[in-house]
1. Quick one: order 139, 100 by neighbouring beta-carbon count within 10 Å, fewest to most.
2. Can you tell me the FRET efficiency between residue 63 and residue 83 if r is taken as the Cβ-Cβ distance and R0 is 22 Å, rounded to the nearest 0.05?
3. Report the rotationally averaged projected area of region 120-217 based on its alpha-carbon convex hull, in square nanometres.
4. Charges only on Cβ, +1 for Lys and Arg, -1 for Asp and Glu: so what's the dipole of region 120-217 about the Cα centre, in debye to the nearest 20?
5. Along region 57-66, what does the Karplus equation 6.51 cos²θ - 1.76 cosθ + 1.60 (θ = phi - 60°) give for ³J(HN,Hα), rounded to whole Hz, x for Gly and Pro?
6. Between residue 168 and residue 215, what is 0.36 nm times their sequence separation minus the Cα-Cα distance? Round to one decimal in nm.
7. To make sure I understand, if each residue's beta carbon is the centre and we count other beta carbons within 10 Å, what order do 68, 195 fall in, fewest to most?
Amino acid sequence: MAVRSSMPWPLRWLAIATVLGFSAAVGMWAFEFGKDIAGLDRHAQEELQQLRREVVRLRSELDAARSVSSVADSLIITERVAQEQLQLQMRQLETENQSLRADLGFFERLLPAQTGDALDIRGLHAEPGTSGQWRWQVLVIQPGRQTPDFKGTLEISMSGTLGGQPWTLSTPVRQPVSIRRYLRQEGMIPVPAQVSVKSVTARVLQGTTVRSTQTFVL
């Protein structure tokens with residue numbers, strides 16, 4: 001003989017599910033209650049806050065390091081620019097030094113100085129340059145401390161040969177000059193490539209009167 005339950009199967013399954021759900025809820029409550037008792041949530045929150053503070057600190061240090069790096073890069077660039085400017089100034093000073101040495105040599109060729117009050121041409125020099133031009137330079141001296149300024153004209157002429165025939169610069173170079181104690185002048189004169197220059201002459205005129213003359217023979 002068999003005994004059969006009078007409860008239908010759907011109700012039986014619903015009752016079983018209700019019991020299981022209740023058991024799970026009780027288990028979850030017991031787990032959470034156990035964590036609270038053990039202090040797990042509290043420690044987790046404290047660790048989380050500490051980690052957040054550590055992240056903020058590390059970000060601040062990173063920003064500071066980036067700022068220092070940027071300043072260092074700027075200083076390096078500034079120092080490089082300063083070095084380049086210093087090198088440029090050194091090259092300019094070397095050029096000026098060479099020019100002063102050339103001037104010193106030029107003036108040394110003028111010694112000993114002439115006595116008296118006559119206007120005098122010193123240190124006339126000429127040499128071939130580029131593109132068929134000749135470079136000339138001359139120094140005119142007016143002795144005497146109380147001598148008034150001289151105003152006149154400086155004239156540069158050239159002579160030589162062209163195709164075996166005598167040649168003279170058709171239009172001499174003329175420049176107005178004003179001389180207190182001395183005057184240094186220089187310039188370029190275009191000369192045909194076929195010309196062989198033999199001499200350069202400098203004259204100082206006051207009106208039509210020649211006050212001083214000098215010829216440089218090559």
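No value in this document is a laboratory result; all are computed from the given coordinates. Keep in mind that this is a model prediction, so the values were computed, not measured. Please note: Cβ atoms are built from the backbone with ideal geometry, for glycine as well, and neighbour counts cover all protein chains shown.
1. Working: 139 22, 100 10.
The fewest-first ordering by Cβ neighbours comes to 100, 139.
2. About 0.10, to the nearest 0.05.
3. Details: hull surface 25.0 nm².
Spelled out: convex hull of the Cα atoms, projected over all directions, averaged, 6.2 nm².
4. Details: 11 positive and 5 negative charges, 66 e Å.
In debye, rounded to 20, region 120-217 gives about 320.
5. Coupling constants for region 57-66: 4, 5, 5, 5, 5, 5, 4, 5, 5, 5 Hz.
6. Taking residue 168 through residue 215 to full extension adds about 15.5 nm, to one decimal.
7. Listing 68, 195 from fewest to most nearby Cβ atoms yields 68, 195.
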